[in-house]
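Visitor: Dropping the structure in here first, questions after.
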Amino acid sequence: MRLINFLLIFLICLALVIFSLQNNQLTTIKLVQGIEFQAPLSVELVIATGLGAILAWLFSLWSRMQHTITTFG
């Protein structure tokens, strides 16, 4: 199972890298009203993917903690 998980993560990361290399045009990022900056689309994609991975990890920790509390509580 670990090998399947590794291969799946590897393929997703490889696809992200290939897609990022093909899309390196400058785009404008608007965070809030009045705060914006320009960065390559590939940078935005990598940051968005990283944030998504961090949020998924935090959600799994939260779910595991809730399960532990309900099991032993």
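Just so it is clear, none of the values below were taken in a lab; they were calculated from the coordinates. The shown structure was predicted, so the numbers you read here are calculated from the model rather than taken from an experiment. No Cβ is skipped: glycine too gets one built from the backbone with ideal geometry, and neighbour counts run over all protein chains shown.
Visitor: Under 6 Å between Cβ atoms, which residue pairs at least 6 apart in sequence (or on different chains) link something in the stretch 36-64 that is free of Cβ contacts under 8 Å to residues at least 12 places away in the same chain with a partner that is of a type in the set (Lys, Arg)?
Guide: Correct list of pairs: GLU36/LYS30.
Visitor: Kindly establish whether THR28 is surrounded by fewer than 10 Cβ atoms within 10 Å (Cβ to Cβ) and among the polar types (S, T, N, Q).
Guide: Spelling it out, THR28 is indeed surrounded by fewer than 10 Cβ atoms within 10 Å (Cβ to Cβ) and among the polar types (S, T, N, Q).
Visitor: I'd like the full set of residues that are within 13 Å of the chain's Cα centre (by Cα) and among the hydrophobic types (A, V, I, L, M, F, W, C), limited to the stretch 32-58.
Guide: Result: VAL43, LEU45, VAL46, ILE47, ALA48, LEU51, ALA53, ILE54, LEU55, ALA56, TRP57, LEU58.
Table: residues versus (1) farther than 21 Å from LEU51 by Cβ; (2) among the acidic types (Asp, Glu); (3) not in a helix (DSSP H, G or I).
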| site | (1), (2), (3) |
| --- | --- |
| LEU7 | yes, no, no |
| ALA15 | no, no, no |
| ILE18 | no, no, no |
| ASN24 | no, no, yes |
| THR27 | no, no, yes |
| LYS30 | no, no, yes |
| GLU36 | no, yes, yes |
| ALA39 | no, no, yes |
